[in-house]
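Inspection log for the structure reproduced underneath, given as structure tokens.
The values are calculated or read from the model by the stated rules, or taken from the named source; none is laboratory data. Keep in mind it's a predicted model, so treat the numbers as computed, not measured. Cβ sites come from the backbone with ideal geometry, for glycine too, and all protein chains shown count toward neighbours. Remember, those area values only see protein heavy atoms, side chains included, never the ligands or the DNA or RNA. Shrake-Rupley method; radii C 1.70, N 1.55, O 1.52, S 1.80 Å.
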Amino acid sequence: MSYLTHLQCALCNKHYDPNRLWNLCPGCNRPLLARYDLEAVARALHKEDLAERSPTLWRYREMLPLADPSHALTLGEGFTPLTKAVRLGQEVGFENLYIKDEGLNPTGSFKARGLAVAVSRALELGARQFSIPSAGNAAGAMSAYASLGDAEAHVYMPKDVPQPFVAECRALGAHVTLIDGVITDCGRAAAEDNPRSCRFDMSTLKEPYRLEGKKTMGFEIAEQLNWELPDVIIYPTGGGTGLVGMWKAFDELECLGWIGRKRPRMVTVQSDGCAPMVRAFQDGSEFAEPWRDAKTFADGLRVPAAVGDFLILRALRESSGTAIAVADNEMIDAANLMGRTQGIFAAPEGGAALAAFQHLRQSSWIRDSERVVLFNTGSGHKYAHLWSSATAHAPDTN
Ligand SMILES: *Cc1c(COP(=O)(O)O)cnc(C)c1O
């Protein structure tokens, strides 16, 4: 069972009834966070009990929002491998390098985590129609869980989104609308098409439970490293749900007494064609200004404005982390390096994490003795067009 007690606004701290459907805080229009009775969880559950549970994110059900576990829609999401990247480590001269391969999730990205939990919970609370603006992967994931839950999915994507994302949503039974613009324009169009709000809005951080699904990456890293967190986590950041979610997960694990006070330094990676968080981090701002003319082929990173901007920036600063932008061509070179050493066909976003690692090593921000986790957030398959011109991105042969 779940130990969910209430929802709390991340900015004004006001509490809300968790047994109703909510989007943003009605008072200040900021994200709501799920809160649990963690003292009761600590009495009821021991970390050793997890070993017997199924290898999906639902193994952490006490710290997830579903009142009735039989309402969990599952395609096998979560509990992805955390691999020690030995061959890649040798290639770059670094001992303790790990890759969390989120490309192995259903629908080929970690968006499955957030949407498995959010769709299951919204159905439990009575919603039957959903809408989502998406750069691509979130739309596919929502379509999958909506279909499994016999609900209606309305997805809004930029019209230049690669064809496999559109095909996937259509095959999964969603209503697809393509918009001339980026994800923020898709959000506006979705709202306009839904004047009476009969479709529940599943936008990133505009409902409380995608964050809960994604926080399980933090639980898994802790469990897979035997409850000792790494020194650095490098995360390709768009809306920031995963980064903010992991940061929340670590606090929850500390409340349970399963980890101590030590935290990883959290690193946000963006494309130099769309880097609102990097700019805000460097400027010392609490909130991020929207990025104008966002351009990157890493679709998950083409997010010019994020409602959770202040939560991302808070996590980076509290963790003594940093934010760094890399060029799109570096992402492909790095994805090729990951591919030919580790057998992982990474999305460009995963390549971005490795490219950022190389920069941070070069500047000695990462030290030799440290333990580093890179996120490959999606599979390369839906981005195969980026490799279609063999000469454009031929791997450097060294
Ligand atoms: C959505 C997405 C991201 C960004 O994730 P956030 O948690 O929203 O910051 C990164 N990579 C891929 C492949 C994505 O689909």
So ALA305 ticks every box in (1) farther than 29 Å from PHE250 by Cα; (2) among the hydrophobic types (A, V, I, L, M, F, W, C); (3) modelled with pLDDT under 95; (4) touching a helix residue (DSSP H, G or I) at 6+ places or on another chain (Cβ under 7 Å) but one. Which box is left unticked?
(1)
If a residue has to be open to solvent by 10 Å² or more (accessible area, probe 1.4 Å) and either touching a strand residue (DSSP E or B) at 6+ places or on another chain (Cβ under 7 Å) or in a helix (DSSP H, G or I) (or both) to count, how many in region 82-104 make the cut?
13
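Could you please let me know if PHE287 is assigned to a loop (DSSP other than H, G, I, E, B), of a type in the set (Phe, Trp, Tyr) and within 30 Å of TYR156 (Cβ to Cβ)?
Working: assigned to a loop (DSSP other than H, G, I, E, B): yes; of a type in the set (Phe, Trp, Tyr): yes; within 30 Å of TYR156 (Cβ to Cβ): yes.
Against the criterion (assigned to a loop (DSSP other than H, G, I, E, B), of a type in the set (Phe, Trp, Tyr) and within 30 Å of TYR156 (Cβ to Cβ)), PHE287 qualifies.
How many of the residues making up region 3-23 are polar (S, T, N, Q), over 22 Å from the mean Cα position of the chain (by Cα) and assigned to a loop (DSSP other than H, G, I, E, B)? Steps first, answer last, please.
Residues of region 3-23 that are polar (S, T, N, Q), as a first pass: 5, 8, 13, 19, 23.
If we keep only those that are over 22 Å from the mean Cα position of the chain (by Cα) too, we end up with 5, 13, 19.
This time we only want the ones that are assigned to a loop (DSSP other than H, G, I, E, B), so: 13, 19.
Qualifying residue count, region 3-23: 2.
If only one of VAL182, VAL119 is out of contact with any His (no Cβ under 9 Å at 6 or more places or on another chain) and under 23 Å from CYS274 (Cα atoms), which one is it? I'd like the intermediate steps shown before the answer.
Details: VAL119 fails: under 23 Å from CYS274 (Cα atoms).
Going through VAL182, VAL119 in turn, the sole match is VAL182.
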Kindly list the number of the only condition in (1) among the aliphatic types (A, V, I, L, M); (2) in a helix (DSSP H, G or I); (3) in contact with a Ser or Thr (Cβ under 7 Å, 6 or more places away or on another chain) that fails for LEU50.
(3)
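Could you say which residue among LEU178, LEU211 is open to solvent by 10 Å² or more (accessible area, probe 1.4 Å) and aliphatic (A, V, I, L, M)? Before the answer, list the steps.
Working: LEU211 fails: open to solvent by 10 Å² or more (accessible area, probe 1.4 Å).
Among LEU178, LEU211, only LEU178 is open to solvent by 10 Å² or more (accessible area, probe 1.4 Å) and aliphatic (A, V, I, L, M).
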Among the residues of region 298-318, which ones are surrounded by fewer than 19 Cβ atoms within 10 Å (Cβ to Cβ) and more than 26 Å from ASN23 (Cα to Cα)?
ARG317, GLU318
For region 281-292, does any single residue satisfy the condition of being among the charged types (D, E, K, R) and more than 25 Å from GLY187 (Cα to Cα)?
yes
Considering only region 354-386, state which residues are basic (Lys, Arg) and either at pLDDT below 95 or assigned to a helix (DSSP H, G or I) (or both).
ARG361, LYS382
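Out of the residues in region 85-137 that are aliphatic (A, V, I, L, M) and under 18 Å from ALA384 (Cα atoms), state the one that is modelled with the highest pLDDT. Spell out the reasoning first.
As a first pass, look at region 85-137 and keep what is aliphatic (A, V, I, L, M): 85-86, 88, 92, 97, 99, 104, 112, 115-119, 122-123, 125, 127, 132, 135.
Subset that is under 18 Å from ALA384 (Cα atoms): 104, 135.
Values: LEU104: 98, ALA135: 90.
Ranking the candidates gives LEU104 first.
Could you check, for region 40-55, whether at least one of its residues is crowded, with 21+ Cβ neighbours inside 10 Å and either under 23 Å from GLU220 (Cβ atoms) or out of contact with any Phe, Trp or Tyr (no Cβ under 6 Å at 6 or more places or on another chain) (or both)? Full working, then the answer.
Taking region 40-55 as the starting set, the residues that turn out to be crowded, with 21+ Cβ neighbours inside 10 Å are none.
No.
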Which listed residue, of THR204, THR107, is within 12 Å of the ligand (Cβ to nearest atom), on the phi > 0 side of the Ramachandran plot and buried (at least 16 other Cβ atoms within 10 Å of the Cβ):
THR107
When residues of region 2-32 are filtered for being open to solvent by 20 Å² or more (accessible area, probe 1.4 Å), hydrophobic (A, V, I, L, M, F, W, C) and under 22 Å from ILE132 (Cα atoms), how many remain?
4
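Every residue, every condition in (1) of a type in the set (Lys, Arg); (2) closer than 27 Å to PHE200 by Cα, yes or no:
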{"position": "ARG61", "(1), (2)": "yes, yes"}
{"position": "ALA72", "(1), (2)": "no, yes"}
{"position": "GLY78", "(1), (2)": "no, yes"}
{"position": "ILE99", "(1), (2)": "no, no"}
{"position": "GLN129", "(1), (2)": "no, yes"}
{"position": "ALA135", "(1), (2)": "no, yes"}
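For region 58-73, which positions are among the hydrophobic types (A, V, I, L, M, F, W, C) and either part of a loop (DSSP other than H, G, I, E, B) or in contact with a Lys or Arg (Cβ under 6 Å, 6 or more places away or on another chain) (or both)?
Across region 58-73, the qualifying residues are LEU64, LEU66, ALA67, ALA72, LEU73.
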Residue among THR241, THR322 that alone is touching a strand residue (DSSP E or B) at 6+ places or on another chain (Cβ under 8 Å), within 19 Å of LEU374 (Cα to Cα) and not acidic (Asp, Glu):
THR322
Give me the residue from region 147-167 that is under 20 Å from MET202 (Cβ atoms) and among the acidic types (Asp, Glu) and, out of that set, most open to solvent (accessible area, probe 1.4 Å).
ASP150
Of the residues in region 227-248, those that are in a helix (DSSP H, G or I) and either within 8 Å of the ligand (Cβ to nearest atom) or of a type in the set (Val, Ile, Thr) (or both) come to THR241, GLY242, LEU243, VAL244, GLY245
Count of residues meeting criterion [among the hydrophobic types (A, V, I, L, M, F, W, C) and within 12 Å of the ligand (Cβ to nearest atom)] in region 294-322
9
